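K.L.:
Let me begin by handing over the structure; questions about it come next.
The values are calculated or read from the model by the stated rules, or taken from the named source; none is laboratory data. As the structure is a computational prediction, the values presented were derived from the model and not from experiment. Note that each Cβ is placed from the backbone with ideal geometry, even for glycine, and that neighbours are counted across all protein chains shown.
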Amino acid sequence: MLTINLFNGLVYGALLIVMSSGLALIYGLRRVVNFAHGALYMLGAYLGYTVAIHSNFWVALVVAPALMAGVGVLLDRYGFRLLQDREPLNVMLVTFGLLLILEDLVVAIWGKGNHSIFTPTLLDGSVAVFGHDLPAYRIAVLFTGLAVAAGLTVWLRCSRVGLFVRAASTEPVTTSMQGVNTDMLSAGVVGLGSALAGLAGVVAGPFLSLSPHMSSDVLIDSFVVVVIGGLGSLAGAFIAAILLGMMQALGAVYLPGVSVLLPFLFMIVVLIWKPSGLMGSRT
């Protein structure tokens, strides 16, 4: 039983890695607290659902994040770029308003009922691991989260564009003076963050129900992850996502009465111990 709970915690942590890494990237470069990120996750899930109905899950896994990347570029051009130097309260109100608009859009197109994406046949089974039969699809979700973490780390540390992203997140003016088009770079990063949110939505579809309000829980957990890890720190987000996923899974079984409070208690403890988060505020 403990093994299954730990496994489920790792799977949810992997999903949070995909989700919160986009949130951390956007904040790290644009310094915008994006309350609409959960709506991007929801919209990606519904787009994936529609594509999967007309083709299959694998096509949805590519098409939905690609569409969400386009949404992210438009969001940066006509939203985040204009909000970057505004008061935090104004930014919060605008992005929260966008969240409500997207929720209403989903209701208007797909209705209020719940939906789900069918598990692909290739992964519709179980795999024996240490004497336990674990769902193959959830194992795939776990590896997806790890692959996203590894890919983003390599991209940021070993590529020229990754170097520009790290530089712009620390000294945007100086980076711009060196000839880097920071506006184009930011559009690409917001597009990538939105694509990751869409990917998380599609990946979650086969084992989490799709509903117009599905953004709330994962958005709260993603913000907790980003704050615990350190605002703008991808490495911190990866660590915090796994810790939070494990805490959620174990708390629901062993401390059901207070399981909802555990992430916030953990966040309070971390912030008292280290106000900048586990890994500071670096990308």
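K.L.:
Counting just the residues of the range 123-137 that are more than 14 Å from Leu6 (Cα to Cα) and touching a helix residue (DSSP H, G or I) at 6+ places or on another chain (Cβ under 9 Å), which one comes out surrounded by the most Cβ atoms within 10 Å (Cβ to Cβ)? I'd like the intermediate steps shown before the answer.
P.N.:
Taking the range 123-137 first, the residues more than 14 Å from Leu6 (Cα to Cα) are 123-128, 131, 136-137.
Among the residues that remain, those that are also touching a helix residue (DSSP H, G or I) at 6+ places or on another chain (Cβ under 9 Å) are: 123-127, 131, 136-137.
Numbers: Leu123: 16, Asp124: 12, Gly125: 11, Ser126: 13, Val127: 14, Gly131: 6, Ala136: 16, Tyr137: 21.
Step by step, filter the range 123-137, then rank; the result is Tyr137.
K.L.:
Here is a follow-up. State all residues of the range 119-143 that are of a type in the set (Ser, Thr, Tyr) and either in contact with a Ser or Thr (Cβ under 9 Å, 6 or more places away or on another chain) or modelled with pLDDT of 95 or more (or both); if no residue qualifies, say none.
P.N.:
Pass one, the range 119-143, residues of a type in the set (Ser, Thr, Tyr): 119, 121, 126, 137.
Answer for the range 119-143, where residues must be of a type in the set (Ser, Thr, Tyr) and either in contact with a Ser or Thr (Cβ under 9 Å, 6 or more places away or on another chain) or modelled with pLDDT of 95 or more (or both): just Tyr137.
K.L.:
Pairs, please: C-beta under 6 Å, at least 6 apart or cross-chain, first residue modelled with pLDDT under 95 and in the range 96-108, second surrounded by 15 or more Cβ atoms within 10 Å (Cβ to Cβ) and of a type outside the set (Phe, Trp, Tyr)?
P.N.:
Correct list of pairs: Leu98/Ala36; Leu99/Ala36; Leu99/Ala39; Leu102/Ala39; Leu102/Leu43; Glu103/Pro212; Val106/Pro212; Val107/Pro212.
K.L.:
Related question: Among the candidates Ala140, Ala197, Ala150, single out the residue that is surrounded by fewer than 13 Cβ atoms within 10 Å (Cβ to Cβ), within 18 Å of the chain's Cα centre (by Cα) and either among the acidic types (Asp, Glu) or closer than 25 Å to Ile17 by Cβ (or both).
P.N.:
Result of the check over Ala140, Ala197, Ala150: Ala150.
K.L.:
Just to check your reading of the model, which residue among Leu75, Leu40, Leu67 is touching a residue at least 40 places away in the same chain (Cβ under 8 Å), within 14 Å of Leu210 (Cα to Cα) and not acidic (Asp, Glu)? Let's see the steps before the verdict.
P.N.:
Details: Leu75 fails: within 14 Å of Leu210 (Cα to Cα); Leu67 fails: within 14 Å of Leu210 (Cα to Cα).
Within the list Leu75, Leu40, Leu67, the selection yields Leu40.
K.L.:
Ok, one more. How about the range 12-34: which of its residues are in a helix (DSSP H, G or I) and surrounded by fewer than 24 Cβ atoms within 10 Å (Cβ to Cβ)?
P.N.:
Result: Tyr27, single match.
K.L.:
Right, Ala150: assigned to a helix (DSSP H, G or I), without any contact (Cβ under 8 Å) to a residue 60 or more places away in the chain and within 22 Å of Leu2 (Cα to Cα) or not?
P.N.:
Considered against the rule, which asks whether it is assigned to a helix (DSSP H, G or I), without any contact (Cβ under 8 Å) to a residue 60 or more places away in the chain and within 22 Å of Leu2 (Cα to Cα), Ala150 comes out as no.
K.L.:
Provide a single number: the residues in the range 157-190 that are in a helix (DSSP H, G or I) and within 19 Å of Gly79 (Cβ to Cβ).
P.N.:
12
K.L.:
Also: Any residue that is out of contact with any Gly (no Cβ under 7 Å at 6 or more places or on another chain), free of Cβ contacts under 8 Å to residues at least 24 places away in the same chain and of a type in the set (Phe, Trp, Tyr) - is there at least one of those in the range 258-278?
P.N.:
Yes, the conditions are met somewhere in the range 258-278.
K.L.:
Okay, next question. For Arg160, all conditions in the list (1) within 30 Å of Leu210 (Cβ to Cβ); (2) exposed (fewer than 11 other Cβ atoms within 10 Å of the Cβ) hold save one; what is the number of the exception?
P.N.:
Going through (1) within 30 Å of Leu210 (Cβ to Cβ); (2) exposed (fewer than 11 other Cβ atoms within 10 Å of the Cβ) one by one, Arg160 breaks only (1).
Let's see how each residue does on (1) modelled with pLDDT of 90 or more; (2) surrounded by fewer than 16 Cβ atoms within 10 Å (Cβ to Cβ); (3) under 22 Å from Gly22 (Cβ atoms):
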site: Ser216; (1), (2), (3): no, yes, yes
site: Ile220; (1), (2), (3): no, yes, yes
site: Val224; (1), (2), (3): yes, no, yes
site: Ala235; (1), (2), (3): no, no, yes
site: Ile239; (1), (2), (3): yes, no, yes
site: Leu250; (1), (2), (3): no, no, no
site: Tyr254; (1), (2), (3): no, yes, no
site: Leu262; (1), (2), (3): no, no, no
site: Val269; (1), (2), (3): yes, yes, no
